[in-house]
Amino acid sequence: MEKDARPNWDSPLQFVLACVSYAVGLGNVWRFPYLCQMHGGGGFLIPYLVMLFIVGVPFFYMELAIGQKMRLGSIGAWSAISPYLGGVGLASVMASLYLCLYYNIINAWSFWYLFNSFQSVLPWSECPVNSNLTGPIEECQKGSPTQYFFFRETLNISSSIEEAGGIHTSQALCLLLAWAITYLFIIHGVKSSGKVVYFTATFPYVVLIIYLIRGLTLPGAINGITYMFTPKIEELANPTAWINAATQIFFSLGLGFGSLIAFSSYNQYNNNFEHQAIIVSIINSGTSIFASIVTFSIYGFKATVNYENCLERTRILLLNTFNLAEDTINMDNVFDWVKTLNATYPEQFAELGNKLEDCDIRDELDTAVEGVGLAFIVYTEAIQNLPLPQLWSVLYFFMLLLLGMGSMLGNMTAITTPLRDFKMLSNVSNEVLNGTLCLILLLLGLGFTTPSGNYWFTMFNEYGASFALLFVVIIEILTVSYLYGIKRFEKDIEDMIGHRPNWYFKIMWKIVGPLVLICLFIFYIVSYIRGGTPTYQAWNKELGKSVVMEYPVFGQVCIAILLVSPASCVPLKALFVYYTSRKRSSSKDGHSVSTISA
């Protein structure tokens, strides 16, 4: 009766949009382009698409099937399969909690940049004046205006994770706003979030299309797109490229978090999730490629601007050093004049020393940047060179907000749905339960708004979910294939959609998928052990750039907790169930003996 009373999506389209809104997130915009750049552009697309059909589609299908069959959140669904597996759901919930804890700070940064986009001069386009009013701040000059605005104005960052400080008020207010909007989106559970996804799932594509049209008309855009699609065939023999492709598919689709199980639990029992799994998986990967084309067109423009600025500085340096006429050297013949002057005046030319820059557009394109560096530094640097930069800035950061908020809906649903399945919370209203959860996560998330908060953000981002999710999905696939049984799983699917899955899904679930995931898991552990002491990028105020530093002991302890705590839920829950069942059976035996004696 409780399952029959469970709320449902208004339509299959609403469910698909919810999955798209959740799966298509910031990783599509800032991690996939980075991986393309790192692994040779078009050459990376081959392992990426292969892994989509080996790992992505089959596992996405599996989680949707489990949620729709059990009509429960992750904890309840796995407990229904076996009481000993309740820890799998707990691990998913804990991983989602870690993610929600730090993910909304990205939305807070997006709000901050969005608000600052409505100024007549974008604040990250030029260095602020120093306190003596004699020139720009030295720290900004050594770095760049975009870096200074992000690290100093936005984050007020400290020099290391060990330097604590007070809460940055503006960031705290933006984080409060991000959580307030998240709460409004989920206030009535699936009934309210189902309405929101119509906007969060579609509008980012409108912005991407606008950016694509504008990007393709920019000078140098073709350089970036050509760079992206020029394959480095040797990368196909690089195991790291295949591992990164599988990892990107794995995390981009959001497998293991419990969000997909939660979403599909609100479906009608006979909903055809098979087609939806294929559609959403392809949309997600197609969006990654589409967003990369947009990114590389902007990236090509930025690289071209930097390259031409370098040529102009070289031209002026040569004109001033050798007292040449203004129109003697132009952008097209700079390199010819460098060779000529070096041959004609070798001693005078040698005196230029480090003043003469090595201008190479390939070097500009080869600079691989991911994460917040791409989103808040590289993109903003390109935007400031566009006509009407305020317009493009507003569009870009509004798109980031929608992508971030769409992912937050899925992550919060992964937490609230299992909580509502508990009898003790079943009578608590959605407004109270969701509001309490948002408030707790807001208060805990304020730590990310301190001067050292960005270093903690990096720690959570790198170690908060990756290890746990690999472990969780390995348990999931082994459970479905060998404990629950493929034949039994096939019958469940046939009962829901009218036919059994074809041979492709069965092979991926039973043989190929587990092998790929186990290899990924082993590679992750080996890489972590061989990597030595974990490091992070710390902002050096004197140098005006980031430098590599090792995490202190307390940071390493926190990393260990982040890695182990979600995964430990699986064996601990199994041991608890085993202990309680043994205790219950022994108490029954004792009661029987005493009755007979009496």
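The values are calculated or read from the model by the stated rules, or taken from the named source; none is laboratory data. Note that the structure is a prediction, hence the values are computed from the model and not measured. Because the Cβ atoms are built from the backbone with ideal geometry, glycine has one as well, and the counts that use them run over all protein chains shown. Each accessible area value is taken on the protein alone, full model and side chains, heavy atoms only, with ligands, DNA and RNA left out. Shrake-Rupley method; radii C 1.70, N 1.55, O 1.52, S 1.80 Å.
Values as computed for the structure displayed
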| read-out | value |
| --- | --- |
| Segment 199-241 - accessible surface per residue (Å², probe 1.4 Å) | 51 |
| Taking N as its residue count, the alpha carbon Rg of segment 119-264 over 2.2 N^0.38 Å | 1.50 |
| Principal axis dimensions, largest first and in whole angstrom, of segment 55-107 by Cα | 36, 26, 19 |
| Residue order for Trp109, Trp503 - accessible surface, 1.4 angstrom probe, largest first | Trp503, Trp109 |
| Sorted largest first, extent of segment 1-139 alpha carbons per principal axis (Å) | 73, 41, 33 |
| Whole-angstrom gap from segment 143-204 to segment 451-526, using each part's C-alpha centre | 30 |
| Tail fraction, Cα-Cα pairs, segment 415-524, threshold 18 Å, whole percent | 70 |
| Nearby lysines by direct alpha-carbon distance to Lys142 (threshold 18 angstrom, same-chain neighbours under 8 apart not counted) | Lys355, Lys541, Lys545 |
| Range in the chain, longest, excluding exposed GluC sites (Glu not before Pro) [loop by DSSP; at most 15 other beta-carbon atoms within 10 Å] | 358-541 |
| Per residue accessible area of segment 516-575, 1.4 Å probe, in Å² | 55 |
| Proximal aspartates and glutamates relative to Lys487, as straight alpha-carbon distance under 13 Å, when same-chain residues fewer than 8 apart are discounted | Asp495 |
| Surface accessible to a 1.4 Å probe, Val190 within the full protein complex, Å² | 10 |
| For the chain: span of alpha carbons on each principal axis (Å, largest first) | 115, 52, 46 |
| Which of Lys423, Lys541 is most accessible, then next, and so on - probe 1.4 Å | Lys423, Lys541 |
| Difference of contour (0.36 nm per residue) and Cα-Cα distance, Asn502 to Val526 | 5.1 nm |
| Evaluated over segment 244-340, the Cα radius of gyration and Dmax, each in Å | 26.5, 82 |
| Potential extension, Lys191-Leu317 segment - 0.36 nm per residue separation minus Cα distance | 38.9 nm |
| Stretchable slack from Ile279 to Ala180, in nm (0.36 nm times residue separation minus alpha-carbon distance) | 32.5 nm |
| Whole-angstrom gap from segment 531-573 to segment 300-363, using each part's C-alpha centre | 44 |
| Leading residue at positive end of dipole, segment 333-478 (Cβ point charges), from Met412, Gly435, Val334 | Gly435 |
| Shape of segment 486-598, Cα gyration tensor, a/c cut at 1.5 | oblate |
| Modelled label reach - Glu138, point 7 Å along Cα→Cβ, segment 439-476 residues with backbone N closer than 16 Å | none |
| Descending semi-axes in whole angstrom, ellipsoid equivalent of segment 202-305, from the Cα gyration tensor | 32, 20, 10 |
| Separation of alpha-carbon centers, segment 249-297 and segment 218-240, rounded to whole Å | 25 |
| FRET efficiency estimate (nearest 0.05) - Cβ-Cβ, Thr202 to Glu494, R0 45 angstrom | 0.85 |
